[in-house]
1. Roughly what % antiparallel, to the nearest 5, for the DSSP beta bridges in the chain?
2. Based only on other Cβ atoms within 10 Å, what is the fewest-to-most ordering of Arg354, Arg191, Arg264?
3. Given axes a ≥ b ≥ c from the Cα gyration tensor, I'd like to know whether the chain is rounded (a/c under 1.5), prolate (a/b larger than b/c) or oblate.
4. If each of Asp44 and Thr205 carries a label point 7 Å out from its Cα toward its Cβ, how far apart are those two points in nm?
5. Run through the DSSP bridge list for the stretch 269-391 and note the antiparallel percent, rounded to the nearest 5.
6. Show which lysines lie in cross-link reach of Lys132 when reach means a straight Cα distance below 22 angstrom and same-chain residues fewer than eight apart are skipped.
7. Taking the Cα centre of each part, how many Å lie between the stretch 201-229 and the stretch 254-271?
8. For helix 60-77, what angle does its Cα long axis make with the longest principal axis of the chain, in degrees from 0 to 90 and rounded to 10?
Amino acid sequence: MQWQEELRQLAEIESPESGAITFYFQPQVPQNLSHREETILVKDLVEQAIHRHSRNGNSDGNRVRLRSDLQRILEIAEHLHGNHSRAKAIFSCSEKDLWREFDIPEIAGNTQLHVNSRFHLKPIADAVLAAKRCSVALVDRERARILDLFMDEVTEREQIADEIGRNVRSDGFNGYEAGHVERHVGNGVMRHVKRVTERLLEIRTEGQMDSLIIGCRPEMWPEIEPHLHAYLKQCFIGRITLDPALASVREVQEHAARLLDENRLSEQQARIREVIGEAQRNGRGSLGLRHVLTSLERGEVQTLLIGNTFAARAVECTHCGHLDTRLVEKCAICAHQTREQDDIGDALIGFALRSGANILHVDDGQFAKAGNIGALLRFRADQNTPEKLAG
């Protein structure tokens, strides 16, 4: 699934009658065996949403559609208590004949329900856009297992087995054949390793691998490393020291998650340094909400960097979509009515998705001085003037 495209399509949806429903189910540790507390929570959220919407002066048809969608969400929630391993997201807008359901990794915060003119995409964007398709290859001298790890779920792709040295029965007279046997076994191990790495290269070139982790015993690594193609080395993020024959899937998943977290943090820090450096030299970097908003509206943004708990109020023009941190009633661009956005983070993410920009969520405090918001730019429109180009 191409999450960027899925989220872009959701970001395109706008409901003039505020009928866009976003539901996030975050499994919790049950306080009793009946699991009823989760159902009660969702029921309360649904009733509150219906009560709020009934006072907003919407059309009778919209209220009926909204109640129907909310009731459907409640019915689904009543059957979710057995699924404590995965979170779930539902997006519904009867006005646009849209209903989407996704199983997703754990999200920040608790179960939540939002009814607005646009979908609340920040939690799902945070959860899935950074997710990488990771291949974990567990390799020993004769056997290998290739596992796929994506969004906290591990599946076994395939096994590769080669019999090595099975037909060699002795070392010959006084051990004179021992060297030959050792070379035979060594060549067999090399052929096995090459077969595994060639298969990994196929998976990579087919676009099914973003990251690679190798799991093996210490003495096997010198046999494997020389056979890693340069294209595999580009996505190789680390090695797990373990016995492939004895390692459990849970053990592999824990080690892989640690390496992926370390790699994610390293990539965040590198990108933040790049943005700050570019901004300081008046290059392809933008820092602070006002500058980032301007860059987004100009179509300059290549990657939007947003802190995990970033939040700010702003207004959005109901006509042209212009975002303004000043809480004004009329749009500064087209003079049409504006509507207040309690959390501009959603509007920023939607804007970035609709313009084809990448989104990178970063840990809070990484660039707090800039308000936890920044962007790496494709270009700087204010530097494409004839004077700048001539210079």
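No value in this document is a laboratory result; all are computed from the given coordinates. Just so it is clear, the model here is predicted, and its values are computed rather than measured. Reconstructed Cβ throughout: ideal geometry from the backbone, glycine too, with neighbour counts over all protein chains shown.
1. 75 percent
2. Arg191, Arg354, Arg264
3. Details: a/c = 3.20, a/b = 1.67, b/c = 1.92.
Note, shape of the chain comes out oblate.
4. For Asp44 paired with Thr205, the spin-label model returns 5.7 nm.
5. On the way: 15 of 20 bridges.
Bridges in the stretch 269-391 are about 75 percent antiparallel.
6. Within reach: Lys88, Lys122, Lys233.
7. Here the two parts' Cα centres lie 18 Å apart.
8. Orientation of helix 60-77: about 30 degrees from the principal axis.
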